[in-house]
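Read through the structure below, which is laid out as structure tokens, and then see the notes.
The values are calculated or read from the model by the stated rules, or taken from the named source; none is laboratory data. These numbers were taken from a predicted model, which means no experiment stands behind them. Cβ coordinates were reconstructed from backbone atoms using ideal geometry, including for glycine residues, and neighbour counts include every protein chain displayed.
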Amino acid sequence: MSNVSNTTPAPSPVLPPAGAGAMRATPPPPIGQTEPYTSEWDRTEAARAGQSPWLRNRRRAARDRFVEAGFPGTRVEDWRFTNIAPIAESRFTLAAPRPITRGDLAAWTFAGAAAELVFVNGHYVPALSVTGGLPAGVVAGPLAAALAADGPARQAFGAVVPSPLSTFPALNTAFFAEGAFVLLPPHTVLEGPIHLLFVTTADARAVETAMTHPRVLIVAGEDSQARIVESYAGTTGATYFTNALTEVSLGAHAVVEHCRVQRESEAAFHVGLVHVDGARSSTFTSHAFALGGALVRNEIAAVMNGEGMECTLNGLYLATGGQLIDNHTTIDHATPHCSSHEVYKGVLGGRARGVFNGKIIVRPDAQKTDAKQTNRALLLSDDAVIDTKPQLEIFANDVKCTHGAAIGQLDDDAVFYLRSRAIGEADARTMLIHAFAGEVLDRVGLAAVREPLRAELTARLSAVLAPAGGRP
Amino acid sequence: MLEIRNLKVRGGGKDILKGISLSVGAGEVHAIMGPNGSGKSTLARVLSGHPGYEVTGGEILFKGRNLLEMEPEERAREGVFMAFQYPVEIPGVNNAYFLKAALNAVRKHRGLPELDAMEFMALVREKMKVLEIDAAFLNRPVNEGFSGGEKKRNEIFQMAVLEPALAVLDETDSGLDIDALRIVSNGVNAMRSPDRSTIVVTHYQRLLNYIVPDFVHVLAGGLIVRSAGKELAHELEAKGYGWIEAGLTDQPAGA
């Protein structure tokens, strides 16, 4: 593996305000068209007669904002390696409810959840959900109901996403019909995890291509603790579009472990955005697994808004065939004495493409920042490609920031060593890939989530390694 | 056990072995000595099936079969084991998992039932005692962060578990202090048996005080230039390799 590592990047000349999106002087023209989306919005708006004026106004403003922003092309720096033309040039219709049984969900559920909310085609399905096991005061339920009244959900809604909204948050806000609201009162410790499962079921022969815009709002009160798992999955082979947006706000001393498992159909488009804002001494840990989807864009942006916050971002993606998986992460050290630790790993086979862009911002008064970023990718075929870019913007002088990237093939010496110990070549390669991925997987504290994921990874890897036999 | 006939090997664009013949019988211990660059380690690696070399002539028969036609894993399953001069670090794969996979691959090949975790632990515990290996060692990633001595001990430990028919030790003594050398040698000696052959590749005679060979061969310039009993090792220790490298014409009579 070739390694690049340095600790003193040149500071960037432009300093956006905390939590703001990328600044553009003269933005390149948008691509594709917004009309299919706006006409779908107009078509479906009539059916939402029951929504509150508050929500209607928010959604309408987001619709307008989406039209204004348009879809970014590859001339926009943040989208340089990811061409979203398939999303920008297609016509999607909001997914209709479809009947589904608990048995259909078996591959995506796990044992031991304190609550499990199931959303099918963007609609909450109470009959498939389990919410009885939560302590008093803890809320885990449908977002639409929570937004009906003026309360904590409304206060938190949109509070963590930078404004003006960029394209996909605007699209999500304009279109979202349902989602999950999780509220942890101060000093509450939730033992079991909360599982939010978003499933798109589609007829592979369907004429219309479905889309959903799941929205998740997590509010962790002071000194509360919880583990939340978001799963995204869909019918094998179906083409559809998921545009998910999660907002997490952590009160002082709150501890949230957020696990995001994306197993969309191999033909699906998936945009998954997670925005995090943490107060003093809070701890946010993300485990992001991206396994499915034809065109995938993940973004995690965490703003460290209180002294002593800790943020850990673990990511693992496996892309094969013609998949494109793009991971953009931003950690914004807005206050002193915060530490962030980021490890992203990718395994790419076939003609797959991976993108990793890891931005770390250290604000002028964020002294004593300790930020560490590692990004590694394993290329299993000659046609697989990874574009990787660390982006450090450091404006404080008493900080520790390190980043390292390593891209490469499996270590031939290690393969030979294992083979010389009687282990067959395919097994040796699988063992080494697992070892590579294991570093991320092993950090998931929940065995009920981790072990099935390990098994799934094994199955997906053997499918990658079997037909071509890997590299000679 | 092993029959090497006129073996010629190229590696890195150079002819390294230029026609080596060597016969190793069951139960015998052969030491291969020689100056740096003589081709000792190449011979060991070729036996294990290392992909970095090209065999340009000759043949190797192992238990009567053509060894050169076998993949590295097939050789290992048939009973060839090479203790690496530079054992490879494999982060993320723990010793126990790795060794169990290796042992079960060998057992499967031999028509033996695969061992479960309990049976495996019972088996390795015995071997660990001989090599003075701590139990925590099993849960550490293979060779990662090991000292030189630990790596070499791990090689012999693996050998003890896999019980090969032919063990090839490639400069296992290099970098070992006297205590580690004693432990490693005890491990090798504990495995000496009439059914097992051993090839010890070493630069120095010191190891051969502990692992006493039946035969000593001197490799120089890609050829075996001397073969004799264990006394040859002492002679080399006393005189160095200079007289061999200088050419064999002026060697004293009766040496």
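Some points to look at:
- Flag for B:Leu115 being crowded, with 21+ Cβ neighbours inside 10 Å and of a type outside the set (Lys, Arg): no
- Residue in the stretch A:200-218 that is touching a Cys at 6+ places or on another chain (Cβ under 9 Å) and either among the aromatic types (Phe, Trp, Tyr) or within 23 Å of A:Glu178 (Cβ to Cβ) (or both) present: no
- Which numbered condition A:Val160 misses (of (1) buried (at least 20 other Cβ atoms within 10 Å of the Cβ); (2) under 30 Å from A:Ala202 (Cβ atoms); (3) of a type in the set (A, V, I, L, M)): (2)
- Output for the stretch A:87-132, where each listed residue is closer than 22 Å to A:Arg450 by Cα and assigned to a loop (DSSP other than H, G, I, E, B): A:Ala106, A:Ala107, A:Trp108, A:Thr109, A:Phe110, A:Ala111, A:Gly112, A:Ala113, A:Ala114, A:Ser129
Residue-by-condition table, conditions (1) farther than 24 Å from B:Asn154 by Cα; (2) in contact with a Gly (Cβ under 7 Å, 6 or more places away or on another chain); (3) touching a residue at least 40 places away in the same chain (Cβ under 8 Å):
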position	(1), (2), (3)
B:Glu69	yes, no, no
B:Arg75	no, yes, no
B:Ile90	no, no, yes
B:Ala101	no, no, no
B:Glu114	no, no, no
B:Ala117	no, no, no
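- The criterion of at least 1 residues that are within 14 Å of another protein chain (Cβ to nearest Cβ) is met by the following helices (runs of 4 or more DSSP H) wholly inside the stretch B:123-214: B:148-162.
- Test: residue in the stretch B:204-213 that is closer than 26 Å to B:Leu7 by Cα and modelled with pLDDT under 90: yes
- Count of residues meeting criterion [within 19 Å of A:Ala406 (Cβ to Cβ) and over 17 Å from the mean Cα position of the chain (by Cα)] in the stretch A:329-340: 0
- Filtered residues of the stretch A:123-174 (kept if out of contact with any strand residue (DSSP E or B) (no Cβ under 7 Å at 6 or more places or on another chain) and within 30 Å of A:Thr101 (Cβ to Cβ)): A:His123, A:Pro126, A:Ala127, A:Gly132, A:Pro135, A:Ala144, A:Ala145, A:Leu147, A:Ala148
- In the condition set (1) under 18 Å from the mean Cα position of the chain (by Cα); (2) more than 7 Å from chain A (Cβ to nearest Cβ), B:Lys100 is compliant with all but (1).
- Qualifying residue in the stretch A:60-74 (condition: of a type in the set (Asp, Glu), within 30 Å of A:Ile386 (Cβ to Cβ) and surrounded by fewer than 18 Cβ atoms within 10 Å (Cβ to Cβ)): no
- Restricting A:Asp413, A:Asp387 to residues that are within 25 Å of A:Ala319 (Cα to Cα), modelled with pLDDT of 90 or more, facing chain B (nearest Cβ under 7 Å) and surrounded by fewer than 21 Cβ atoms within 10 Å (Cβ to Cβ) narrows the list to A:Asp413.
- Residue within the stretch B:39-49 that is within 14 Å of another protein chain (Cβ to nearest Cβ), without any contact (Cβ under 8 Å) to a residue 40 or more places away in the chain and on the phi < 0 side of the Ramachandran plot present: yes
- In the stretch A:213-269, counting only strands (runs of 3 or more DSSP E) that sit wholly within it, the ones holding 2 or more residues that are free of Cβ contacts under 8 Å to residues at least 60 places away in the same chain and either surrounded by fewer than 24 Cβ atoms within 10 Å (Cβ to Cβ) or not acidic (Asp, Glu) (or both) span A:225-234, A:240-250, A:255-263.
- Residue check for A:Asn397: crowded, with 20+ Cβ neighbours inside 10 Å, away from chain B (no Cβ under 12 Å) and either of a type in the set (Val, Ile, Thr) or without any contact (Cβ under 8 Å) to a residue 60 or more places away in the chain (or both): no
- Some residue of the stretch B:68-80 being of a type outside the set (Val, Ile, Thr) and more than 14 Å from chain A (Cβ to nearest Cβ): yes
- Scan the stretch B:124-168 for residues that are surrounded by fewer than 16 Cβ atoms within 10 Å (Cβ to Cβ) and touching a Leu at 6+ places or on another chain (Cβ under 8 Å) and the total you get is 1.
- Residue that is nearest to B:Ile90 (Cα to Cα) [pool: residues in the stretch A:417-443 that are more than 8 Å from chain B (Cβ to nearest Cβ) and in a loop (DSSP other than H, G, I, E, B)]: A:Asp442
- One residue from A:Glu178, A:Glu191 being assigned by TED's automatic domain parsing to the domain that holds A:Ile87, more than 16 Å from A:Ile218 (Cα to Cα) and touching a residue at least 12 places away in the same chain (Cβ under 8 Å): A:Glu191
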